[in-house]
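**Q** This is the structure I want to talk about, given as structure tokens.
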Amino acid sequence: MCIKIEIHSLTAIINDVTEEELAYRPLPHKRSIQELLQHLCLICSADYYISLGYSADKSHSFYLQHPAYTKLELKAALVEGFNQLKAAYSSFDEQKLFSLQTSYWGCTYTRFEWLLEIQSHLYHHRAELYTLLTCYRRNRLDVVLFE
């Protein structure tokens, strides 16, 4: 799973980020770095549940029930979500992998396509995080993003 590379790079970023950087909010209506990390660390689980047909309310409740505030909690949520996603997808046979699943907003994909959406969602926010930290530090992050 290429998602494993994203998990490793996100773990490295979490290890490297400071408390001061966690509090950084580029604009009043945008997420802070900590809030962005909280979202990122739950994407594997949350998006998987959406692919199973969770309602909007149930999806929103999931985020509220799984706050991660410390760097240790962020990393634990990230790894737990990845392991859950990996276990689920490893158990799918070809029929299940190509069965259709519909989200609460009406978007229908195969389970394989949902996996690609989850990966894209992670890439999107990891790039956002990387850019925010680079701008804040005015320096490049020493993190491997692709192998």
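**Q** Put one equal scatterer on each alpha carbon of the stretch 5-147, apply the Debye formula with no solvent term, and list log10 I(q)/I(0) at q = 0.09, 0.13, 0.21 1/Å to two decimals.
**A** Log10 of I(q)/I(0), two decimals: -0.29, -0.60, -1.32.
**Q** Provide the per residue accessible area, probe 1.4 Å, for the chain, rounded to a whole number of square angstrom.
**A** Per residue, the chain has 57 Å² of solvent-accessible surface.
**Q** Could you tell me what percent of the accessible area of the stretch 1-129 is made up of carbon and sulfur, with a 1.4 Å probe and every protein chain present?
**A** The computed percentage sits at 55.
**Q** Using a 10 angstrom Cβ neighbour count of at most 13 plus a DSSP loop assignment to flag exposed chymotrypsin sites (Phe, Trp or Tyr not before Pro), which longest range of the chain is free of such sites?
**A** Maximal segment without exposed cleavage sites: 1-68.
**Q** Top to bottom by accessible area (1.4 Å), largest first, where do V143, V17 land?
**A** V143, V17
**Q** Where does the charge balance sit around F98 when Lys and Arg score +1, Asp and Glu -1, over other residues with C-beta under 11 Å from its C-beta?
**A** Around F98, the charge tally is -1.
**Q** Where in the stretch 109-147 are there trypsin sites (Lys or Arg not before Pro) that are in a DSSP coil and have at most 16 other Cβ atoms within 10 angstrom of their Cβ?
**A** The qualifying sites are R138, R140.
**Q** Let me ask something else. Would you mind computing, in nm to one decimal, how far apart the modelled labels at A23 and F92 are, each placed 7 Å from Cα along Cα→Cβ?
**A** 4.3
**Q** List the aspartates and glutamates whose Cα sits under 19 Å from the Cα of K75, skipping any in the same chain fewer than 8 residues away.
**A** Within reach: E6, D16, E19, E20, E21, E35, D47, E128, D142.
**Q** Under a 5 Å amide H to amide H cut-off, with H placed in plane at 1.01 Å, what residues pair with Q101 once short-range neighbours are removed?
**A** Y109, T110, R111
**Q** While we're on this one: When only the heavy atoms of the protein chains count and the probe is 1.4 Å, how do D93, D57, D142 rank by accessible area, highest first?
**A** Per-residue accessible area, sorted high to low, gives D142, D57, D93.
The values are calculated or read from the model by the stated rules, or taken from the named source; none is laboratory data. Note that the structure is predicted; figures quoted are calculated from it, not measured. Cβ sites come from the backbone with ideal geometry, for glycine too, and all protein chains shown count toward neighbours. Side chains are part of the model used for accessible areas, which takes the heavy atoms of the whole protein and leaves out ligands, DNA and RNA. Shrake-Rupley method; radii C 1.70, N 1.55, O 1.52, S 1.80 Å.
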